[in-house]
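*Asks:* Would you mind keeping the following structure in view while I ask a few things?
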Amino acid sequence: MNAHKKLLSITLFLSLSSPTVYADQLFYAPDTAPFNIKFKDWSVQWWQFALSIPKSENPLIDTTGAKCVVGQRGPVWFLVGTLGDSPVHRVCNVPAGKALFFPVLNSFYADDFTQHHSISYAREQAAATPNDATILSVTVDGHPIQHLEDKFRIRSNVFELTLPEENVLGALPTAACPPSGTCSPAVDDGYYVMLKPLSVGNHTVHIIGATTTLNVDVTYTLSVVPVDLLGK
């Protein structure tokens with residue numbers, strides 16, 4: 001009887017814990033440097049990617065996945081959230097061997113410091129959105145990534161980014177981030193995940209980030225395709 005109870009206990013434990021173990025095998029730990037780049041620098045590259053693309057081609061306002069490939073290069077592909085509160089479902093082909101980096105909830109702040117503000121002030125402003133997080137959720141093929149709030153908060157170094165004339169932000173009333181030009185100095189704060197390259201086949205990544213005033217809800221249906229088949 002005791003042996004039966006012990007076996008039942010072990011089986012139940014494995015059943016409950018296996019989704020977390022599976023998810024943990026899928027991502028790079030935030031304190032590592034995938035491809036010799038730290039997470040705080042990947043977050044800068046994400047902003048430079050997302051805001052450098054003209055509005056007409058920008059994946060941030062893409063509701064179908066048609067713009068997934070725009071601007072992608074190198075060993076890491078960027079997934080993006082939305083600029084509105086409505087859920088979005090994107091369907092994309094991804095070359096095999098590509099890691100996937102994306103924010104769950106993030107914010108950046110640029111300041112020209114003409115009002116005698118400091119970098120500390122800029123960081124406080126950038127932190128407002130992640131500090132207000134009420135929901136942080138990432139699932140990969142139905143398996144949740146745990147401890148997003150505790151382990152996945154990333155704060156960037158100071159950086160700059162260049163906006164195209166037709167950009168998704170529109171005209172910003174600050175000399176630090178003109179409607180077309182260079183935003184500098186800027187800082188980023190948010191929750192980020194980098195998935196290791198997924199196996200060839202179909203996968204679903206569901207990202208939810210919410211505060212008291214905004215909601216990001218994006219589902220990616222990804223077909224990971226061998227590189228030699230992409231052009232066929």
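The values are calculated or read from the model by the stated rules, or taken from the named source; none is laboratory data. Keep in mind it's a predicted model, so treat the numbers as computed, not measured. Please note: Cβ atoms are built from the backbone with ideal geometry, for glycine as well, and neighbour counts cover all protein chains shown. With ligands, DNA and RNA removed, areas are computed over all heavy atoms of the protein, side chains included. Shrake-Rupley method; radii C 1.70, N 1.55, O 1.52, S 1.80 Å.
*Asks:* Within region 143-184, count every residue that is at pLDDT 85 or above, in a loop (DSSP other than H, G, I, E, B) and of a type in the set (Asp, Glu). Steps first, answer last, please.
*Replies:* The first filter runs over region 143-184 and keeps only residues at pLDDT 85 or above, leaving 143-164, 166-168.
From the residues that got through so far, the ones that are in a loop (DSSP other than H, G, I, E, B) too are 145-147, 152, 156-158, 164, 166-168.
Those still in the list that are of a type in the set (Asp, Glu) too: 166.
The number of residues fulfilling the criteria is 1.
*Asks:* Could you grab me the full set of residues in region 82-96 that are out of contact with any helix residue (DSSP H, G or I) (no Cβ under 7 Å at 6 or more places or on another chain), open to solvent by less than 40 Å² (accessible area, probe 1.4 Å) and either farther than 18 Å from residue 107 by Cβ or touching a residue at least 40 places away in the same chain (Cβ under 8 Å) (or both)?
*Replies:* Matches in region 82-96: 88, 90, 92, 94.
*Asks:* So, in region 27-45, of the ones that are in a helix (DSSP H, G or I) and loosely packed, with under 15 Cβ neighbours inside 10 Å, which residue ends up farthest from the chain's Cα centre (by Cα)? Spell out how you get there, then give the answer.
*Replies:* Step one: list which residues in region 27-45 are in a helix (DSSP H, G or I), which gives 34-36, 39-45.
From what's left, loosely packed, with under 15 Cβ neighbours inside 10 Å: 35-36.
Working: 35: 17, 36: 18 Å.
Only one residue tops the list, namely 36.
*Asks:* Only residues that are assigned to a strand (DSSP E or B) and buried (at least 22 other Cβ atoms within 10 Å of the Cβ): list them for region 103-135, please.
*Replies:* Just the residues of region 103-135 that are assigned to a strand (DSSP E or B), to begin with: 103-110, 135.
Once the filter is applied, which keeps residues that are assigned to a strand (DSSP E or B) and buried (at least 22 other Cβ atoms within 10 Å of the Cβ), region 103-135 yields 103, 104, 105, 106, 108, 109, 110.
*Asks:* Could you go through region 194-212 and let me know if any residue there is at pLDDT below 90 and under 27 Å from residue 28 (Cβ atoms). Steps first, answer last, please.
*Replies:* Taking region 194-212 and keeping what is at pLDDT below 90, we get none.
No, because not a single residue in region 194-212 is at pLDDT below 90 and under 27 Å from residue 28 (Cβ atoms).
*Asks:* Find the residue count for region 216-232, including only residues that are under 17 Å from the mean Cα position of the chain (by Cα) and either crowded, with 18+ Cβ neighbours inside 10 Å or more than 17 Å from residue 138 (Cα to Cα) (or both).
*Replies:* Applying the first criterion (under 17 Å from the mean Cα position of the chain (by Cα)) to region 216-232 yields 216-222.
Subsequent filtering for residues that are either crowded, with 18+ Cβ neighbours inside 10 Å or more than 17 Å from residue 138 (Cα to Cα) (or both) retains 216-218, 220, 222.
Adding up the residues that qualify gives 5.
*Asks:* Within region 113-123, is there a residue that is of a type in the set (Lys, Arg) and farther than 29 Å from residue 228 by Cβ? Explain how you work it out, then say what you get.
*Replies:* Filtering region 113-123 down to residues of a type in the set (Lys, Arg) leaves 123.
Next cut, farther than 29 Å from residue 228 by Cβ only: 123.
So far as region 113-123 goes, yes, one or more of its residues are of a type in the set (Lys, Arg) and farther than 29 Å from residue 228 by Cβ.
*Asks:* Give me a count of the residues in region 193-213 that are under 18 Å from residue 135 (Cα atoms), open to solvent by less than 60 Å² (accessible area, probe 1.4 Å) and outside any strand (DSSP E or B).
*Replies:* 1
*Asks:* Here are some conditions: (1) surrounded by fewer than 21 Cβ atoms within 10 Å (Cβ to Cβ); (2) touching a residue at least 12 places away in the same chain (Cβ under 8 Å). Residue 190 meets all but one. Which one does it not meet?
*Replies:* (1)
*Asks:* Next up: With the requirement that a residue be among the β-branched types (Val, Ile, Thr) and buried (at least 16 other Cβ atoms within 10 Å of the Cβ), what does region 62-80 give you? Can you show your working first?
*Replies:* Within region 62-80, the first condition is being among the β-branched types (Val, Ile, Thr), and the residues that meet it are 63-64, 69-70, 76, 80.
Within region 62-80, 76, 80 qualify.
*Asks:* Of the conditions (1) over 18 Å from residue 221 (Cβ atoms); (2) touching a Lys or Arg at 6+ places or on another chain (Cβ under 6 Å), residue 85 fails just one. Which one is it?
*Replies:* Residue 85 satisfies every listed condition except (2).
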